[in-house]
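Undergrad: Mind having a look at this structure? Questions to follow.
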């Protein structure tokens, strides 16, 4: 059947799980950690899209007016 064959150099999920276990990884912990990172990144991406207009307006304001209290900066 076309599309059901996998590339010879592409490991299956079970191959990856077996190799991870052989190397001593806690697969559940790694999966949970990666999933948390993936969820966090997606939430950040969506927040930026939802707030894009406000972020652009704020940046434009500071480009035009400068930073508040900029005269008092020591660096």
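Read-outs: derived from the displayed coordinates by stated rules, not from any lab. Predicted, not measured: the structure shown is a model, and the values here were computed from it. Here the Cβ is made from the backbone with ideal geometry for all residues, glycine too, and neighbour counts use every protein chain on show.
Undergrad: Pick from region 27-71 the residues that are in a loop (DSSP other than H, G, I, E, B) and out of contact with any helix residue (DSSP H, G or I) (no Cβ under 9 Å at 6 or more places or on another chain): which of them is nearest to residue 14 (Cα to Cα)? Spell out the reasoning first.
TA: Our first condition is that a residue be in a loop (DSSP other than H, G, I, E, B); within region 27-71, this holds for 51, 66-69.
Subsequent filtering for residues that are out of contact with any helix residue (DSSP H, G or I) (no Cβ under 9 Å at 6 or more places or on another chain) retains 51, 66-67, 69.
Numbers: 51: 41, 66: 56, 67: 55, 69: 58 Å.
Per the criteria, the residue is 51.
Undergrad: On the given criteria, is residue 20 surrounded by 10 or more Cβ atoms within 10 Å (Cβ to Cβ) and in contact with a helix residue (DSSP H, G or I) (Cβ under 8 Å, 6 or more places away or on another chain)? Before you say what the answer is, go through the steps one by one.
TA: Values: surrounded by 10 or more Cβ atoms within 10 Å (Cβ to Cβ): yes; in contact with a helix residue (DSSP H, G or I) (Cβ under 8 Å, 6 or more places away or on another chain): yes.
It is true that residue 20 is surrounded by 10 or more Cβ atoms within 10 Å (Cβ to Cβ) and in contact with a helix residue (DSSP H, G or I) (Cβ under 8 Å, 6 or more places away or on another chain).
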